[in-house]
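The values are calculated or read from the model by the stated rules, or taken from the named source; none is laboratory data. Only a predicted model underlies this, so the values are computations on that prediction, with no experimental measurement involved. With ideal geometry, Cβ positions are generated from the backbone for all residues, glycine too; neighbour counts draw on all protein chains shown.
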Amino acid sequence: MRKQAKRSISKILALLLTLCLTAGVLPALEPAYAASEFKYASPFKKTGNSTYYHKAKYAGNLIVNGVDISDWQSKNCRFDDAKKDGVDFAIMRVTYSSYSKKNLTMHNDDKFYTQYKNAKANGVMTGVYVFSQAKNKSEGIKEATFAINRLKALGIGPKDLNLPVYMDYEFAGGVLGRMHGIKRTAATNAAVAFCNTIKAAGYQPGIYANTTFFGSYITTKQLASDVDLWCAQYYNRNQSAVNYSKWQYSSSARIDGMLSYTGLQGKIDANFWYLNKKEAKSSVVTKICGKTTLSVNDAKAPKFKLYNDKNLLKEGTDYTVGGIRNNAVGNGYAYIRGIGKYGGYALIPLKIVKETEGSDDTAITCANYLTKASAEKSQYIVVPEISYTVGSTYVVQDYLNMRKGAGTKYKRVRRSKLSKSMKKKCKSGRYAVLKPGAKVKCKKVSGNWIKISGGWICCRMGDEIYVK
């Protein structure tokens, strides 16, 4: 992400070193190619690499292509051309903090609203980011509040965004920057406070950082499970260990319609977004109805009806609908994101045909989520938002190993060490393995892990839910 102009040679040199760390362009030693990875190339020109390798856990995911921009890009970016060139989402800077001041100074990105309106008008899904220089909890809250106030002043609520409000957390200005010397605890506290403030206002929170910053300055297990992680590394693979859903892989993409502040085609930040295509049951949305074969014109703004039992939900209040690869004849997707208590998302495959193929006569299809059986037969995907609360009781959905700590690095718990009641909830054997249907009470939460009587269990990984 490009930030503010520098005013001296020393600042420029310091910034260059910082950017190398910020973008993660200095790769660590690793094998040339891991057999568990898979290839997926960027659709954009001149990104720095011709092929990108993705972790095996993302195999089968829908990979969505997008950009992030700020006032370094022209307010006259042509999002109609960008959409045709493969841009399905744009994350735009709404506010930013100065890095060369002792006191936290926050500003509006003057080009944001024009860029946002143009993206929305051309069917590009939108999210926003806040360039942060917060050094502690109170400053994280200030930055989040400043951004929320601006979004509300512009009439942009949670219903208007398809993607989260991200805290863009990184060093800037080298040793002259205000964040120089920050400690992990302070940075983590600022990130948690930012996300909590964003969520309290009804928006989905997220954190952007590079591989180094995530690894050294943010303890991600202290973030709530619904905080979306967006990780930067300008390399042909992302080496971060965090469970990111988006990867910023380049700052040099050439994309039709994406212009620099001079009005010419510029170098643009490019991103992959991983969307899990596996089917999952939703306990809130019980039915989705709509046409899945659409004309080119209709596919630009696909329409669906969502139900909670017999209650018809309202688009723009309870959910938003975005489009992926939906501007030309072929196969695309509708991305439905729930708002507030409806949470989660649905990913619906679309067949896009010419106007002359009579798509208006296509029957409306409904998918039911009332039972697990009907969900498994459905072509749709609904991933519910789940958080875990100390004192609450949950039901185990799969065979789960119990461990001595919150993570797979901890040893497994021996079944002989459990109480009599807990042994009954486990299958027979040397180690404690909980059986599906076992009810457990949460004693402590650490990221995606909860502590129960006798040990810890993993509740979810990516879009796989193991405890509900």
message = With the requirement that a residue be within 10 Å of Trp456 (Cα to Cα) and either small (Gly, Ala, Ser) or assigned to a strand (DSSP E or B) (or both), what does the stretch 401-417 give you?
response = Asn401, Arg403, Gly405, Ala406, Gly407, Arg412
task = Answer yes or no: is there a residue in the stretch 181-191 that is out of contact with any helix residue (DSSP H, G or I) (no Cβ under 7 Å at 6 or more places or on another chain) and either buried (at least 23 other Cβ atoms within 10 Å of the Cβ) or within 25 Å of Tyr58 (Cβ to Cβ) (or both).
result = no
task = Return the only residue of Ala438, Ala363, Ala406 being of a type in the set (Gly, Ala, Ser) and modelled with pLDDT under 70.
result = Ala363
task = Among the numbered conditions (1) without any contact (Cβ under 8 Å) to a residue 40 or more places away in the chain; (2) surrounded by 20 or more Cβ atoms within 10 Å (Cβ to Cβ); (3) touching a Ser or Thr at 6+ places or on another chain (Cβ under 6 Å), tell me where Thr219 comes up short.
result = (2)
inquiry  = Checking the condition closer than 27 Å to Thr317 by Cβ and either outside any strand (DSSP E or B) or in contact with a Pro (Cβ under 6 Å, 6 or more places away or on another chain) (or both), which residue from Gly123, Gly86, Gly140 passes?
reply    = Gly123
request  = Out of the residues in the stretch 37-80 that are surrounded by fewer than 17 Cβ atoms within 10 Å (Cβ to Cβ), within 19 Å of the chain's Cα centre (by Cα) and small (Gly, Ala, Ser), state the one that is modelled with the lowest pLDDT.
outcome  = Gly60
query = Somewhere in the stretch 318-333, is a residue surrounded by fewer than 19 Cβ atoms within 10 Å (Cβ to Cβ), over 29 Å from Ser251 (Cα atoms) and either basic (Lys, Arg) or not assigned by TED's automatic domain parsing to the domain that holds Val67 (or both)?
reply = yes
ask   = Right, Gly157: within 23 Å of Ala200 (Cα to Cα) and buried (at least 20 other Cβ atoms within 10 Å of the Cβ) or not?
value = no
query = Looking at (1) polar (S, T, N, Q); (2) surrounded by fewer than 19 Cβ atoms within 10 Å (Cβ to Cβ); (3) at pLDDT below 95, can you tell me which one Asn136 breaks?
reply = (3)
query = Inside the stretch 418-453, can you point out the residues that are crowded, with 17+ Cβ neighbours inside 10 Å and part of a loop (DSSP other than H, G, I, E, B)?
reply = Leu418, Lys425, Ala432, Ala438, Cys442, Gly447, Asn448
